[in-house]
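Scroll down for the structure; my scribbles are underneath it.
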Amino acid sequence: MSGGGEDLADADVGAGADAGADAGRAGSWLLDEALTETIRRTGASAGGFHLWDGPAHGLLALVVLCGVPAEVARPWHRISPAASTPVSDAVREDRLVWIGSQEELAHDYPQAAVSLPYEFCLAAAPLRGRRGSHGALFLLWPAGHARTASLREQHHITSAARRIARMLDQADGVPAVSELPRVIPATPPRTYGGRPPLAAADWAERLPEGALALDLEGRITFVDGTAEALLGRASGQLLGTWPWQSLPWLDAPVVEDRYRAAVLSREPVEFTALRPPDIPLGFQLYPDSSGISVRITRPARHAERAPSGAPAGAAVPQTGRVHQLLHLAAAMTEPVTVRDVVELVAHQVLPAFGADALVLSAADAGRLKITGHHGYDKAVVERLDGLPLDTGLTPAGQVMATGLPAFFEDAAAMAHLHPGAPKISGKQAWAFLPLTVSGRPVGCCILSYERPHAFTADERAVLTSLAGLIAQALDRARLHDAAHELAHGLQQALLPHTLPTVPGLETAARYLPASHGMDIGGDFYDVVVLDDTTVAAVIGDVQGHNVAAAALMGQVRTAIRAAAGAPPGAVLARTGRLLAGLDTDLLVSCLYVHIDLTSRCATLASAGHPPPLVHVPGCPPHRVELDPWPLLGVGLDTPCPVTRLELEPGTLLTLYTDGLVEKPTAAGIDAERGTDDLAAILADHDGADLDDLIEALLRGTGAASSHTDDIALLLLRV
């Protein structure tokens, strides 16, 4: 597994002796070399890179893939960093994720296990650069690999990930993210030295069984004469094709399943299929890192029959459809917001059915309100948004009213009933799917195609069933969005709308609700002007995420405002006594800062709150060492200690709640590393505008894309 005694921390990973020397070259081929070298050194059978798909999307996109076909990895071409996958967890929690067996995958990631029910081992490691995460490296090992990674193996993987992240830091450009990943070969083509390949083919021809060779994409690269006779096709009709393409009777779920099992587990598999009209053939697949060798036999006296799932001539789903649908069915249980639903359908449903664009419409006060779209120009969306339900411009209203889907295979079919629709959208084929929940229409899902598209009976049935899953997900998401909007509105009403203008002091603040869930958080901040030269700043966090926490937050903020002006220790002591009198079980952390702009000093008192960071121009940012005092609400009747801090001109104080710095790791929550990351970002942006600095802090810590707790951040610069 270790690939010899070399340590990847010291060895070059595909970028030459010094990745910095390659900084001017394009990033794509550097990644190719880095991936193949990492696979070789770790003994993995396959791997790839998930990189960020641009700030507008916030998704992890599969950019480079090696050792497995792109079709097998299709469910993970685009994944959300908040999703429950090994790659997402590696990026979000900044740790190595190891999955040693199918049982472990099913336990920890049931959605992934549904669509990949095969034996293999998997590792995902974050590519963490100087200013944040580039994405993740993932590696696969065949079924025979040990289920537990040794410390040496873990070190090799994490060292390779760090090296690749440094290479991405130094490269001028990372590869552009395309719709499909770039697939590169895992091993160089075999060379046979002086051995005559024609003699080997002649040897194979004498055998009573057929021989096929497939590459890892599943295409036929070799076929002998016996295989031609057994399959009933000449080699010219087979070479370069997928077996299920040139032999339609192999386009069956059992064949798809066995092929995927061979590619991922790298173990021999076998199955029996029925060649029309009634000839059973046995297939044995022997995979390795370069392809698959297939042995074809004819069982004696028809002893073996084709499995019931693959009758000759039956209409069966196209290759990959069964696993894609299993994945989609599981994935539809996870979207939280309407945007999540739109992204899921756009990045997984559209590719599964070869569609190019999407519109999700909902019934709203007698009109069709577009709740999400993909692949349409903004002008087209504005033209279609808000149409009455009985519109004749598109079939969407009629589909919602009747609950029956409508399929249009070309523009002429659409123009016959709705002449204006093709002119507006410019598309050439459409599937209008009613979204119904418990007999109640909630919307319409429209899939459209750039070219005419013939919808098979199988495709119509699957799309109609899939519409029910989309409807359930969309209905849940709309309820969530409505509740979250209400909760967020209440939270914002309890926070300051603006910060006061104070001569000699710059201020900026930001509050972010949790990325998931509709509960209200208890984080708060405030700035109180005491007189012309003194200011009080406060930041705090009420325990819990519910209406009670928000209500208590409002009371605590009011109490601190009423006590402001007293010594900082007295302010917190009075607020703690008030909290004890409210008879609540909730506790509150709080940091109070009294700033005297004339003497340029600050007096701080903390009740169990994370210490602020202070950044003096030209010096590294550091934590302010504060004497501890318990959380408000504990009821401890002892004086609250205070800390005095001199403020040189340009000094920046950064106050924050724990949601910004707490990072989940395999060993638990690590707030120290999050605070160190925060200090590094401050150092990189010395003297920056405060609003720009807040954006950099949120982006650099990952809070801008995903965070499980709400966050308050307050910056003060003298």
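Once the piece of chain linking D202 and Q492 is laid out straight, how much longer is it, given 0.36 nm per residue of separation minus the C-alpha distance between them? Before the final figure, lay out the partial values.
Values: separation 290, 0.36 × 290 = 104.40 nm, distance 7.89 nm.
Going from the current span to full extension adds 96.5 nm.
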Among L653, P641, L572, which residue has its Cα furthest toward the positive end of the charge dipole of region 563-655, with +1 on Lys/Arg Cβ and -1 on Asp/Glu Cβ?
L653
Could you give each residue of region 70-85 its phi-based ³J(HN,Hα) in whole Hz, using Karplus coefficients 6.51, -1.76, 1.60 with θ = phi - 60°, and x for Gly or Pro?
4, 5, 5, 8, 3, x, 10, 5, 9, 9, 7, x, 8, 6, 8, 9
Which ³J(HN,Hα) values, rounded to whole Hz and listed in residue order, are derived for region 575-580 from phi using the Karplus coefficients 6.51, -1.76 and 1.60 in 6.51 cos²θ - 1.76 cosθ + 1.60 with θ = phi - 60°, glycine and proline given as x?
5, x, 5, 4, 5, 4
For K427, give me every one of the aspartates and glutamates with a C-alpha distance below 14 angstrom, ignoring sequence neighbours fewer than eight places off in its own chain.
D356, D377, E409, D410, E450
Amide H partners (placed H, <5 Å) of T241, local residues excluded:
I220
Amide hydrogen neighbours beyond the local backbone of G650, cut-off 5 Å, H modeled
V718
Sequence-distant residues sharing a close amide H with V269 (under 5 Å, placed H)
L285
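Once the piece of chain linking K369 and D684 is laid out straight, how much longer is it, given 0.36 nm per residue of separation minus the C-alpha distance between them? Please list the in-between numbers first.
On the way: separation 315, 0.36 × 315 = 113.40 nm, distance 4.49 nm.
Length difference between fully extended and current span is 108.9 nm.
Sorted by average packing, counted as other Cβ atoms within 10 angstrom per residue and highest first, what order do 617-624, 262-269 take? Show your work: numbers first, answer last.
Values: 617-624: 13.6, 262-269: 21.0.
Those peptides, ordered most packed to least, come out 262-269, 617-624.
So if R0 is 41 Å, what FRET efficiency would A671 and D583 give, r being the distance between their Cβ atoms, rounded to the nearest 0.05?
Numbers: r = 31 Å, r/R0 = 0.74.
Calculated transfer efficiency: 0.85.
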What is the gain in length, in nm to one decimal, between R131 and E270 on full extension, counting 0.36 nm per residue of separation less the C-alpha to C-alpha distance?
45.1 nm
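Write down the accessible area per residue of region 380-478 in Å², having rolled a 1.4 Å probe over the full set of protein chains. Walk me through the numbers on the way to the answer.
Values: 4330 Å² over 99 residues.
On a per-residue basis, 44 Å².
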Residue-wise HN-Hα coupling along region 226-238, computed from phi with Karplus coefficients 6.51, -1.76, 1.60 (Hz; x: Gly, Pro)
5, 5, 4, 5, 5, 8, x, 9, 6, 4, x, 8, 10
Expected sort for 352-362, 578-588, 280-290, 151-161 on mean C-beta neighbours within 10 Å, highest first, is 352-362, 151-161, 280-290, 578-588
Rounded to one decimal in nm, the spacing of the 7 Å Cα→Cβ label points at C619 and T148 is 4.9
Alpha-carbon spread of region 391-536, three principal axes, descending order, Å:
75, 34, 25
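The values are calculated or read from the model by the stated rules, or taken from the named source; none is laboratory data. Just so it is clear, the structure is predicted and the values come from calculations on it, not from any experiment. Positions of Cβ are backbone-derived with ideal geometry, glycine not excepted, and every protein chain shown enters the neighbour counts. Accessible surface is based on the protein model in full, side chains and every heavy atom, while ligands, DNA and RNA are left aside. Shrake-Rupley method; radii C 1.70, N 1.55, O 1.52, S 1.80 Å.
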